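The values are calculated or read from the model by the stated rules, or taken from the named source; none is laboratory data. Keep in mind that this is a model prediction, so the values were computed, not measured. Here Cβ is always computed from backbone atoms with ideal geometry, including for glycine, and neighbour counts include all displayed protein chains. Just the protein is used for accessible areas: all its heavy atoms, side chains included, with ligands, DNA and RNA removed. Shrake-Rupley method; radii C 1.70, N 1.55, O 1.52, S 1.80 Å.
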Amino acid sequence: MAIGGGSFQKAETRHLDLYAIARVNKTHPKVLFLPAASHDDQGYAKRFKQYYRSLGCEVEALRLWHTKLDKETLAQKVLAADIVYLGGGDTQMLMEALQLHELVSVLQQAYEAGIVICGYSAGANVLFSYGYSACADGLRFIKGCELVKGLFCPHYQEEERKSFQQASEQYPMYATYGCEDQHAYCVEDDNVRYM
């Protein structure tokens, strides 16, 4: 599930979060939250854990920039989760953390094993072949994990993001997915639908 944006604290993504939780079909799903795109912001992780616990989940935050866990243990944590949730922030920073800990292939394994993977904004960007991301030098594409073949743009309702369609012409082989806040693209059994 690739979420375009919106505040979970204001319940703007609640319908999407409940949908993701329902996919697991367990009473208390285990959620693994990765706040690496925000450089492991502890306040963000704390608020996320409180919110998802209020939805009946067991939640652990895995701080990739500050962890002392080895790569094998990190991989086990990802593969033991019912839901892996990649938080928002800086797309490039998130990709660097995933690559540093060799988690790109682990996320692909998790996806193929049917673990629900949610990405929010930058976290959604990395689920695709390329994500359209705000960088110091403006908006540009950043290579993602390629769980979904295509180009993704979060916060698509923002005027400056409208350049996504023109920018995507450099990758004519990929489908494009512009996603507004409070919406998501869900991929199930190779079917993509906008919610």
(message) Multiplying the sequence separation of residue 165 and residue 42 by 0.36 nm and subtracting their Cα-Cα distance, what value in nm do you get?
(response) 40.8 nm
(request) Could you grab the relative contact order for the chain? Cα pairs under 8 Å, six or more apart, rounded to a whole percent. (result) 25 percent
(message) So if each residue of separation counts as 0.36 nm, and I subtract the Cα-Cα distance between residue 102 and residue 140, what length gain in nm does that give?
(response) 11.3 nm
(message) For segment 1-62, report the % of Cα-Cα distances exceeding 15 Å.
(response) 51 percent
(request) Run the dipole for the chain about the Cα centre, Lys and Arg Cβ at +1, Asp and Glu Cβ at -1, nothing else charged, and hand back the magnitude in debye, nearest 20. (result) 520 debye
(request) Please tell me the relative contact order of segment 20-97 in percent, rounded to the nearest whole number, where contacts are Cα pairs under 8 Å and at least six residues apart. (result) 48 percent
(request) Give the accessible surface of segment 41-169 per residue, rounded to a whole number of Å², with probe radius 1.4 Å and ligands, DNA and RNA excluded. (result) 45 Å²
(message) Using the Karplus curve 6.51 cos²θ - 1.76 cosθ + 1.60 with θ = phi - 60°, what ³J(HN,Hα) values do you get for each residue of segment 34-50, in whole Hz, with x for Gly and Pro?
(response) 10, x, 4, 5, 9, 6, 6, 3, 5, x, 4, 4, 5, 5, 4, 4, 4
(message) On C-alpha positions alone, give me the angle between the axis of helix 14-24 and the longest principal axis of the chain, in degrees, nearest 10.
(response) 60 degrees
(request) Give, as a single signed number, the net charge of other residues whose beta carbon lies under 15 Å from the beta carbon of residue 151, with Lys and Arg counted +1 and Asp and Glu -1. (result) +3
(request) Kindly work out what percent of the DSSP beta bridges joining two residues of the chain are antiparallel, to the nearest 5. (result) 40 percent
(request) Based on a Kirkwood Rh over C-alpha pairs, give the Stokes-Einstein translational diffusion coefficient of segment 60-149 at 37 °C and viscosity 0.692 mPa s in µm²/s. (result) 249 µm²/s
(request) Consider the candidate values (i) 35, 18, 16; (ii) 32, 19, 16; (iii) 24, 18, 16; state which one is semi-axes √(5λ) of the Cα gyration tensor in Å computed from the structure displayed. (result) (iii)
